[in-house]
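The values are calculated or read from the model by the stated rules, or taken from the named source; none is laboratory data. Predicted model only: the values in this text are computed from it and were never measured. Ideal geometry is used to build each Cβ from the backbone, glycine not excepted, and the neighbour counts take in all protein chains shown. The area values use the complete protein model at the heavy-atom level, side chains included, leaving out ligands, DNA and RNA. Shrake-Rupley method; radii C 1.70, N 1.55, O 1.52, S 1.80 Å.
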Amino acid sequence: KEIGYQVNHWLLKGEEMGVPQTRHRVFFIAVKNNIDFNLEYLNMGFNYQPITYGEIRDYKGRKCCENSKTYLLLNEAKNGESDLSAAHERLFGKISFFQNRILYNNQIVSTIRAKSNDFWALDTKIGMSSTEIISAQTFPQDYDFITSTYSNVSYICGMSVPPIMIKRIVTRLIESGLFDYKLKQRSVN
């Protein structure tokens, strides 16, 4: 505001914007004060159909090692639990493994993080594949990740805003007439 901008912010939810994950992000939009546009009237509500894990699933992820603690917890987990913490508490008496998320075909994937090797389909005990992570983040499947290792793909996707969220915001700004001020300036000259 001090340098001549009006500013507003919105909490936008990826799952309402056509992103197959529950990715919630705050976006700030600033417009110079000399542009005749009021951000207070900008509608940033989105209502796209939710996309579930089952719609992006390819069954090509890595199988959980049968000798691992994660496998033991996946066997102990109950349908409907969102992570492995309750299973860990039942078996070991303390909460842990809460970042090991459980995937269900009929639910939206929870937020992809930079380390996404801890998302597990309860029905098959298979982790998310790189393709599934890319789809959940709305990157194109042929995106150049420099190196397409699982850890690099999950890191880049986990650290990025889903491209479809940015597209939806920019489209909304264009539709709102924000950029029409350039046309108005040309017609005056």
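Take the residues in region 78-107 that are touching an Asp or Glu at 6+ places or on another chain (Cβ under 7 Å) and either in contact (Cβ under 8 Å) with a residue 60 or more places away in the chain or in a helix (DSSP H, G or I) (or both); name whichever of them is surrounded by the most Cβ atoms within 10 Å (Cβ to Cβ). Among them, the one singled out is Ala87.
Residues in region 60-88 that are farther than 18 Å from Ser129 by Cα and among the basic types (Lys, Arg): 2 in all. Per this entry, Asn67 is counted among residues that are modelled with pLDDT of 95 or more, more than 24 Å from the chain's Cα centre (by Cα) and open to solvent by 30 Å² or more (accessible area, probe 1.4 Å). Considering every residue within region 159-168, establish whether at least one is exposed (fewer than 15 other Cβ atoms within 10 Å of the Cβ), at pLDDT 95 or above, more than 22 Å from Thr70 (Cβ to Cβ) and of a type in the set (Lys, Arg). Yes. Across region 128-146, which residue is least open to solvent (accessible area, probe 1.4 Å) among those that are outside any helix (DSSP H, G or I), of a type outside the set (Gly, Ala, Ser) and within 15 Å of Glu55 (Cβ to Cβ)? Across region 128-146, the extreme among qualifying residues is Met128. Which of the following residues is in contact (Cβ under 8 Å) with a residue 60 or more places away in the chain, hydroxyl-bearing (Ser, Thr, Tyr) and either surrounded by fewer than 17 Cβ atoms within 10 Å (Cβ to Cβ) or touching a Cys at 6+ places or on another chain (Cβ under 9 Å) (or both): Thr149, Thr124, Thr171? Exactly one residue qualifies, and that residue is Thr124. Quick check: anything in region 34-49 more than 30 Å from Gly177 (Cβ to Cβ), modelled with pLDDT of 95 or more and surrounded by 11 or more Cβ atoms within 10 Å (Cβ to Cβ)? No, every residue in region 34-49 fails to be more than 30 Å from Gly177 (Cβ to Cβ), modelled with pLDDT of 95 or more and surrounded by 11 or more Cβ atoms within 10 Å (Cβ to Cβ). Among residues of region 50-65 that are closer than 18 Å to Met17 by Cα, those with a Cβ under 7 angstrom from a residue that is hydroxyl-bearing (Ser, Thr, Tyr) and surrounded by 11 or more Cβ atoms within 10 Å (Cβ to Cβ), sequence gap 6+ or separate chain, pair up as Tyr53/Tyr104; Ile56/Ser135. Of the residues making up region 110-117, one or more are over 20 Å from Lys13 (Cα atoms) and surrounded by 14 or more Cβ atoms within 10 Å (Cβ to Cβ).
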